[in-house]
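Engineer: Quick one: this structure, given as structure tokens, is what I'll be asking you about.
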Amino acid sequence: DTGVSQNPRHKITKRGQNVTFRCDPISEHNRLYWYRQTLGQGPEFLTYFQNEAQLEKSRLLSDRFSAERPKGSFSTLEIQRTEQGDSAMYLCASEGDGYNSPLHFGNGTRLTVT
Amino acid sequence: RKEVEQDPGPFNVPEGATVAFNCTYSNSASQSFFWYRQDCRKEPKLLMSVYSSGNEDGRFTAQLNRASQYISLLIRDSKLSDSATYLCVVNRGGFKTIFGAGTRLFVKA
């Protein structure tokens, strides 16, 4: 399967714990995005990487959130001191270099903070 | 006001019906447009890009009106399997891809 891969699929954690999610994009895609989606809403942009460089972060991404893409391949998203409001689906997407290239999403990590 | 707005629905239609969704966007600098489909508890998947001249893919037709800043999706001969949420997506250039909240469609036998 050469699509975008995310793990874990589901994560249940207690408030205050740290969690880390991983995304493996399509191998030839240089652009990688993280989005968050809650029930009844569309995906909301969190952050964007061009290769290993994090070029943009949304104001939604508080200082408890950090994302890395150390070698320009896979990426991780860490949430520290989780809060119940962090419960959501976290989606990773990658994009080719062409103009008007669409985003290709992974199947997401569903986070539940209890 | 949200940058990309869609009627949330739900639209409840019988099999075989024709249904149309509209989407409006507020940023006139928007460059590219897409419709994505999202099934319950799954990731969004590209349905089709939207071109200025309008485009068709089987039973699906997408149109763009830049002057009025809206995009439409028409589904003809609806199937049960078309039941999903349809997301309107606008790209303002580079990483700035904005999603609407989606329109829910239920196709009933």
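The values are calculated or read from the model by the stated rules, or taken from the named source; none is laboratory data. The structure displayed is predicted, hence computed values, not measured ones. Cβ coordinates were reconstructed from backbone atoms using ideal geometry, including for glycine residues, and neighbour counts include every protein chain displayed.
Engineer: Scan the range B:67-100 residue by residue and report those that are surrounded by 20 or more Cβ atoms within 10 Å (Cβ to Cβ), under 13 Å from the mean Cα position of the chain (by Cα) and over 13 Å from B:Phe11 (Cβ atoms).
Structural biologist: Residues satisfying the conditions are B:Ile71, B:Leu87, B:Cys88, B:Val89, B:Val90, B:Ile98, B:Phe99, B:Gly100.
Engineer: If you don't mind, another one. Go through (1) hydrophobic (A, V, I, L, M, F, W, C); (2) free of Cβ contacts under 8 Å to residues at least 60 places away in the same chain; (3) in contact with a Lys or Arg (Cβ under 8 Å, 6 or more places away or on another chain) one by one and return the number of the condition B:Phe11 breaks.
Structural biologist: B:Phe11 satisfies all of (1) hydrophobic (A, V, I, L, M, F, W, C); (2) free of Cβ contacts under 8 Å to residues at least 60 places away in the same chain; (3) in contact with a Lys or Arg (Cβ under 8 Å, 6 or more places away or on another chain) except (2).
Engineer: Next up: Report, by residue number, each residue of the range B:13-27 that is in a loop (DSSP other than H, G, I, E, B) and either of a type in the set (Gly, Ala, Ser) or at pLDDT 95 or above (or both).
Structural biologist: If the condition is that a residue be in a loop (DSSP other than H, G, I, E, B) and either of a type in the set (Gly, Ala, Ser) or at pLDDT 95 or above (or both), then B:Glu15, B:Gly16, B:Ala17, B:Thr18, B:Ser26 are the ones that fit.
Engineer: Please work out which residue is farthest from B:Asp82 (Cα to Cα), limiting yourself to the range B:30-47 and to residues that are within 9 Å of chain A (Cβ to nearest Cβ) and surrounded by fewer than 20 Cβ atoms within 10 Å (Cβ to Cβ).
Structural biologist: Step by step, filter the range B:30-47, then rank; the result is B:Gln31.
Engineer: If only one of A:Glu68, A:Glu56, A:Glu78, A:Glu83 is touching a strand residue (DSSP E or B) at 6+ places or on another chain (Cβ under 7 Å), of a type in the set (Asp, Glu) and within 14 Å of chain B (Cβ to nearest Cβ), which one is it?
Structural biologist: After ruling out the rest, the residue left standing is A:Glu56.
Engineer: Further question on the same structure: So, of the residues in the range B:48-61 that are surrounded by 12 or more Cβ atoms within 10 Å (Cβ to Cβ) and within 26 Å of A:Val4 (Cα to Cα), which turns out to be farthest from the chain's Cα centre (by Cα)?
Structural biologist: For the range B:48-61, the residue satisfying everything is B:Tyr51.
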